[in-house]
Every structure is written in C-alpha cells, then in structure tokens.
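**Q** Here it is, the structure in full.
The values are calculated or read from the model by the stated rules, or taken from the named source; none is laboratory data. Because the structure is a prediction, the values reported are computed rather than measured. Positions of Cβ are backbone-derived with ideal geometry, glycine not excepted, and every protein chain shown enters the neighbour counts. To get the accessible areas, we keep the full protein, side chains included, count just its heavy atoms, and leave off ligands, DNA and RNA. Shrake-Rupley method; radii C 1.70, N 1.55, O 1.52, S 1.80 Å.
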Amino acid sequence: VGNYKRTVKRIDDGHRLCNDLMNCIHERARIEKVYAQQLTEWAKRWKQLVEKGPQYGTVERAWCAFMSEAEKVSELHLEVKGSLMNEDFEKIKNWQKEAFHKQMMGGFKETKEAEDGFRKAQKPWAKKLKEVEAAKKAYHAACKEEKLAISRETNSKADPALNPEQLKKLQDKVEKSKQDVLKTKEKYEKSLKELDNATPQYMENMEQVFEQCQQFEEKRLRFFREVLLEVQKHLDLSNVASYKNIYRELEQNIKTADAVEDLRWFRANQGPGMSMNWPQFEEWSADLNRTLSRREKKKASDGVTLTGINQTGDQVSQPNKHSSSLSVQSNTVQSVQSSYNPFEDEEDTGSTVSEKEDNKNKNVSSYEKNQSYPTDWSDEESNNPFSSTDANGDTNPFDEDTPPAMEVRVRALYDYEGQEQDELSFKAGDELTKMENEDEQGWCKGRLDNGQVGLYPANYVEPIQ
C-alpha cells in the first residue's frame, strides 16, 4: 500500500528532466557562441599580423587562408548556436508547457490524476487488508492466551494447596481460550479469503492506472529521443556540405603556394629586377635638419631645437653629406616607450580582455611590408652604434664592465621586438639578466642567455623572486 508513489513521482521527475535538458542545450549553445567569437577574434588579429609581416606572395595567401577558414567555421558555429536555441530549446519548452499543467494549489494536474487513480483503485483492497491484519492480530492474541491458560492448569495440578474449585476455574479458562482461538482463526481465514478474492480486481484496477502513467512517460521518452537526434544533426558539421567545402578550399589554397613564383615576385619587386634609384647630382640646401633615429623621434622633446646653422670656414666648401640638426634636451625628457604602462588597463579603464590581448600582440611582429630601410649607412653618422675606428668592427658599444652585484635576473611580462639594433628582442616568459638600472627614459640594459647585450623597456619585465 502506498508504493505507487514511486510511479507518481516519475511524472514530477519528467518535468524536471525537461528543465535539465533545456539547461544542457543552453550551455552548449553558449559554448558554440564563445568559440565562434574566439575564432573571429583570432582570425582578425592574425590576418593583420600576416598582412603587415614579412611574408609575401602565394605563401602569404595560403597562410591567410587559415584565417578565412576560421571566419567561415565561426559562422557555422553561430548557426549551430542559433539552431540549438531557436529550434531545440524552444521545442522542449513548448512540449513541456503542453504536457504538464500546473494547478492553482501547486503541483501538476497529471500528478494529481495519477495519485487519485491509484488511491481509488487501492482503497477497497487496502480496507480488506486492514481487516485481515486485525483478524490476524486477534487470532494470535487468542493463541497466546490459550497457551498461557494451559500452562497455568498444568502447574495447578502439581500444587496440593489449590482446592478443587480453583482448579475448576482454571480448566474453564482453558476451555474458553480454545473456543476463542477457533473463532478468531475462522474470522482470520474468512477475511484472508475475501482479500484473496478481491486481489485480481485490485490488480486490474491498479495496472490500468499504471498503464496510463506508462503511456505518459513513453511520450516523454520518445520526445527526448527525437530532440536528441535533432541536436545531434545540428552539432554534426561533418555532414554539412559547406563545412566540407571550407577545408577543400583551404587545401586548394595551400597547394597553390608556389615557392618559385614567390621568389620571382621578390626578385622583380625587392631584388635586382626592381626599378633602380641611382644617385644623381643634387644641389646644396641650406636646410641642415638631419633625420632623427626612431628612438629620438619617440622621445618627447621639450628642449630647444636649433636649425638653419650656417657653416663657416672649410666646412662650406664640403658637400652636404648628411642633413643634421642640433637639439638641446631637458632632463625631463621621457621616452614614448616608457609612457606605455602595461598595467594601466587593469585599473579604471573600461577596456576588455580582448583589447588588452590586442595591445600585447602588437609586438608579435613589428616588421611591416612598407618598412622603410635607412639609406644613410655611412659610419660617420653619429647615431650608428657600430661606428668605430676599428677596421674589423669588433667594438661592441655594450662591452662595459658591469659589477656583478648590479646583475639581477628578470622575466619578460610581454613580447618585445627591438626597434633599433642596440635593443633586445624577447618573448613573454623569457628570462634575462638586468645589468643596469632604469634610466630616466625608462630603459634598462640587459643580457640575454645567448650573450646578446642591449636595451629594453623597464616596464616589460619583472624581477624573478
């Protein structure tokens, strides 16, 4: 009695399972969306880097084909996300609303109907079962009383102190208890027989209600199977024709890469085949402003720049090899490199994580196709770190004896690509040795593990604990 509650509870479980399946699909849709966004961001960032990088020709197009593949796959995964939410999720939600009807007092109408059906079918049999239990209890009590009376009578026969009258009462008690046993036994057997006769009808009524619950559960199970198959179709991109075409096109683009063609293009555009700009006679100009190096351009100059210097003496007769300017810098000059604080984005700015990553990735490839190479290569130039009177050029501007006590091991926080020949290049996570402390422009002198010595931005590294 009452064990039908497990079957009734299955109806409530079915409603909860619908919610669980919807949550499951919703989480997968969110994963598909995030993956699509990451593919798009990755493709955008690396497409710019490759286009600005040193790679050229057909190999560049083959490399960029990977970014095109990512963009197309991103669109497909966004379609998967849309199918999961707009079709599968909504289908389960609508089916749940149609299959389960909430009551005003709480619970579901289907649960109450099943509960009432089972209780109604079980009520007559449960009543008879209760009568059987009562008859059984009475019969067992009579048997216990009979055994006790017989025991008393047996003990009284061995006791000479009892008179015949007392003995007669004990014998009457035994006889009465035997009659009670017969009566209770007969009643117990009768009620048990009635219960047995009612059992077939009881089973039939209970099974009828149970089959109704089975049919309701069967609808849910079949619906779940149908939905899961649709979800599988939406997730399986291997059967999507456009998905196969993406990788077919990617393979074709890679196979079209031709090293000979790229070398021919480079020869015609960057090598001996390009149009030449041979030196020609140029008139002398009074403007003696020289071209500043890249690092000097980056420095914020609040000093006084002297231009238009008139040369006297023998210098007038010499041709103008290099235009130059004299700049007087103040002690407050700061390099643009030091103005970039890699930690400032983490404070009050509203930049996102992707924007921070973009800032970090700007140094992945500092080489650009349109990078202009300096044509002033003379050793007489003052900003040439390798200029030396030594004919063999063995002089290293960084060959200075640094006290060992000044050296500190540091770890790179970001990628950095050296902008000048006297600057170091390293990747995030690389370790190097700091040889001199930060100067007023925000630069440090260090040495890589391969022995290369040069400058680097001080805020790009952190001490190793």
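**Q** If you check ASP116 against the conditions, is it over 30 Å from ASN253 (Cβ atoms) and assigned by the TED database to the domain that holds ASP12?
**A** It is false that ASP116 is over 30 Å from ASN253 (Cβ atoms) and assigned by the TED database to the domain that holds ASP12.
**Q** Can you name the number of the only condition in (1) closer than 30 Å to GLU27 by Cβ; (2) of a type in the set (S, T, N, Q); (3) not assigned by the TED database to the domain that holds LYS91 that GLN201 fails?
**A** It fails just one condition, (1).
**Q** Of the conditions (1) assigned to a loop (DSSP other than H, G, I, E, B); (2) open to solvent by 50 Å² or more (accessible area, probe 1.4 Å); (3) not aliphatic (A, V, I, L, M), GLY106 fails just one. Which one is it?
**A** Going through (1) assigned to a loop (DSSP other than H, G, I, E, B); (2) open to solvent by 50 Å² or more (accessible area, probe 1.4 Å); (3) not aliphatic (A, V, I, L, M) one by one, GLY106 breaks only (2).
**Q** Test of understanding: among ALA99, ALA29, which residue is surrounded by 18 or more Cβ atoms within 10 Å (Cβ to Cβ), among the aliphatic types (A, V, I, L, M) and touching a residue at least 60 places away in the same chain (Cβ under 8 Å)?
**A** ALA29
**Q** Let me ask something else. Tell me yes or no: at least one residue of region 240-250 is assigned by the TED database to the domain that holds ALA134, charged (D, E, K, R), out of contact with any helix residue (DSSP H, G or I) (no Cβ under 9 Å at 6 or more places or on another chain) and open to solvent by 80 Å² or more (accessible area, probe 1.4 Å). Step through it out loud before you land on a result.
**A** So in region 240-250, the residues assigned by the TED database to the domain that holds ALA134 come out as none.
No: region 240-250 contains no residue that is assigned by the TED database to the domain that holds ALA134, charged (D, E, K, R), out of contact with any helix residue (DSSP H, G or I) (no Cβ under 9 Å at 6 or more places or on another chain) and open to solvent by 80 Å² or more (accessible area, probe 1.4 Å).
**Q** Right, something else. Taking the criterion of being out of contact with any Asp or Glu (no Cβ under 7 Å at 6 or more places or on another chain), farther than 30 Å from GLU261 by Cα and part of a helix (DSSP H, G or I), would at least one residue in region 54-68 satisfy it?
**A** no
**Q** Evaluate the following for ASP88: is it in the same structural domain as VAL209 (by the TED database) and acidic (Asp, Glu)?
**A** Against the criterion (in the same structural domain as VAL209 (by the TED database) and acidic (Asp, Glu)), ASP88 does not qualify.
**Q** In the list LEU170, LEU229, which residue meets the criterion of being assigned to a helix (DSSP H, G or I), surrounded by 13 or more Cβ atoms within 10 Å (Cβ to Cβ) and aliphatic (A, V, I, L, M)?
**A** LEU170
**Q** Ok, one more. Right, LEU162: more than 30 Å from GLY14 (Cα to Cα), without any contact (Cβ under 8 Å) to a residue 12 or more places away in the chain and in contact with a helix residue (DSSP H, G or I) (Cβ under 8 Å, 6 or more places away or on another chain) or not?
**A** Answer is yes for this residue.
**Q** Check region 21-39 and report whether any residue there is under 30 Å from GLN215 (Cβ atoms) and in contact with a Lys or Arg (Cβ under 9 Å, 6 or more places away or on another chain).
**A** Yes, that holds for at least one residue.
**Q** I've got another one for you. Could you go through region 46-53 and let me know if any residue there is farther than 30 Å from ASN269 by Cα and of a type in the set (D, E, K, R).
**A** Within region 46-53 (the criterion being farther than 30 Å from ASN269 by Cα and of a type in the set (D, E, K, R)), the answer is no, since none of the residues qualifies.
**Q** Moving on. Would you say ALA257 is loosely packed, with under 15 Cβ neighbours inside 10 Å, among the aliphatic types (A, V, I, L, M) and either in a loop (DSSP other than H, G, I, E, B) or not assigned by the TED database to the domain that holds VAL80 (or both)?
**A** no
**Q** Cβ-Cβ below 6 Å, separation at least six or inter-chain, first residue in region 436-465 and assigned by the TED database to the domain that holds TYR416, second in a strand (DSSP E or B) and acidic (Asp, Glu): which pairs?
**A** Partner pairs satisfying both residue conditions: LYS445/GLU436; GLY454/GLU423; LEU455/GLU423.
**Q** Out of ARG45, ARG10, report the one residue that is on the phi < 0 side of the Ramachandran plot and either modelled with pLDDT under 95 or surrounded by 18 or more Cβ atoms within 10 Å (Cβ to Cβ) (or both). Can you show your working first?
**A** Numbers: ARG45 fails: either modelled with pLDDT under 95 or surrounded by 18 or more Cβ atoms within 10 Å (Cβ to Cβ) (or both).
That would be ARG10, the only listed residue that is on the phi < 0 side of the Ramachandran plot and either modelled with pLDDT under 95 or surrounded by 18 or more Cβ atoms within 10 Å (Cβ to Cβ) (or both).
**Q** So, of the residues in region 50-96 that are aromatic (Phe, Trp, Tyr) and open to solvent by less than 80 Å² (accessible area, probe 1.4 Å), which turns out to be nearest to ALA114 (Cα to Cα)?
**A** TRP95
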